[in-house]
Amino acid sequence: MRTRITLVAAGLLVGLTGCAGGTVAADANGALPVTIGYTALGAGYSDLYTAQDYGIFAKHGLNVKLTRLNDSSQLVAGLASNSVQIGVGVAADTAAAIMKGADLKYVAMSEPHYNLEMWASPDVKDVAGLRGKKVAITSPGSESDFGLTALLQANGLQRADVTAVFVKGVPAEVAALVSGAVSAILTQPPNGTESREKGAHRLAALSNLPFPLGAYTVQSRYLQSNREVVKRFVAAEAEALQYIRGHKNETVKSIQKYSGVQSTDLASYAYDFFLDVWAKTPAVDEKVIKQAFDEAAANARTTPPPDVSKYIDNSLTAS
């Protein structure tokens, strides 16, 4: 049974239709300020890390502040409060908000696949061996929540065949696995990968499964008032997605810096893993966004919109 997506309060959803401010002014250096919120600890958002660390945002005239949100459910809340102007995370959360009345647009995408892998205790030999066992994941509605269901179904199991244990982040997942409180965890590298040093082994990788992740979202009103900001961001994102593919050493350093994992080997492992996950261009894949709406509708037990193209603005990619 699918877990219900966690939504923000109705008042925040209403606020999304009108709380974005007017046109932002350039700072003293002529750069346009923007706060970007991202929703997970790990290597997945290396496009953001490297764009910040190696001057790609600055090159495109942006003064960017990166803000890590506690989980994907905070993405809509951050956009509603205008504490972030561009948010990136699981598209099913923003799709659910749109179906509740939020006026949002998808403007870029960095990860159209799951960026997860499962690490398990030595006694679990395959995914089928998870039957009747506990698996630690993060919050309801998170990528790991959806990923657990997808992985089980791909291996002939149902969600009810395991017990999902929600914890407060990747360090808590690793601790639960090491202590024996759970038999497996589902995380993005390199953070969960460190459990191999404690005797765990990689049970599965989900990078071959499509998933609406890494979806960059803005309020429509903000986009109308600050199209130049978003246009510059999308251009910087396009450059960053190419940069990470040609600059492994630099990207590994940023992964270490932002993920908190000091091991160069682990960060390098994560980089190699994500080469199969990262998009090559920031264009939003309509099929993947439709998947997000289908997922959100299934959880809400409602009907998804027949046409999702109106929630996507790919014109910035081509401009």
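The values are calculated or read from the model by the stated rules, or taken from the named source; none is laboratory data. Please read all numbers here as calculations on a predicted model, not as lab measurements. Counting neighbours? That spans all protein chains shown, and the Cβs are built from the backbone with ideal geometry, glycine included.
Annotations
- Selection count where residues are more than 15 Å from Thr217 (Cβ to Cβ), assigned to a loop (DSSP other than H, G, I, E, B) and touching a residue at least 60 places away in the same chain (Cβ under 8 Å), scope segment 284-308: 3
Residue by residue, here is whether (1) surrounded by fewer than 21 Cβ atoms within 10 Å (Cβ to Cβ); (2) outside any helix (DSSP H, G or I) holds:
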site	(1), (2)
Leu213	no, yes
Gln224	yes, no
Glu239	yes, no
Gln242	yes, no
Lys257	yes, no
Gln262	yes, yes
Trp278	no, yes
Pro282	no, yes
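- Only a single item in (1) modelled with pLDDT of 90 or more; (2) assigned to a loop (DSSP other than H, G, I, E, B); (3) among the hydroxyl-bearing types (Ser, Thr, Tyr) is not met by Ser139, and it is number (1).
- From the options Lys253, Lys248, residue that is in contact with a helix residue (DSSP H, G or I) (Cβ under 7 Å, 6 or more places away or on another chain) and either of a type in the set (Lys, Arg) or modelled with pLDDT of 95 or more (or both): Lys248
- Any pair with Cβ under 8 angstrom, 6 or more apart, that starts in segment 53-70 at a residue that is part of a strand (DSSP E or B) and ends at one that is surrounded by fewer than 16 Cβ atoms within 10 Å (Cβ to Cβ) and modelled with pLDDT under 95: Asn63/Asp27; Asn63/Asn29; Thr67/Ser83
Conditions tested, residue by residue: (1) within 20 Å of the chain's Cα centre (by Cα); (2) closer than 19 Å to Leu213 by Cβ; (3) free of Cβ contacts under 8 Å to residues at least 12 places away in the same chain.
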{"residue": "Leu130", "(1), (2), (3)": "no, no, no"}
{"residue": "Pro140", "(1), (2), (3)": "yes, yes, no"}
{"residue": "Leu152", "(1), (2), (3)": "no, yes, no"}
{"residue": "Arg159", "(1), (2), (3)": "no, no, no"}
{"residue": "Val162", "(1), (2), (3)": "no, no, no"}
{"residue": "Ala172", "(1), (2), (3)": "yes, no, no"}
{"residue": "Ala176", "(1), (2), (3)": "no, no, no"}
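- Residue within segment 93-100 that is of a type outside the set (A, V, I, L, M, F, W, C) and part of a loop (DSSP other than H, G, I, E, B) present: yes
- Qualifying positions in segment 168-207 - farther than 17 Å from Glu143 by Cα and outside any helix (DSSP H, G or I): Gly180, Ala181, Val182, Ser183, Gly199, Ala200, His201, Arg202, Leu203
- Selection within segment 92-133: residues that are of a type in the set (Gly, Ala, Ser) and under 30 Å from Ala235 (Cα atoms). The member of this set that is surrounded by the fewest Cβ atoms within 10 Å (Cβ to Cβ) is Gly101.
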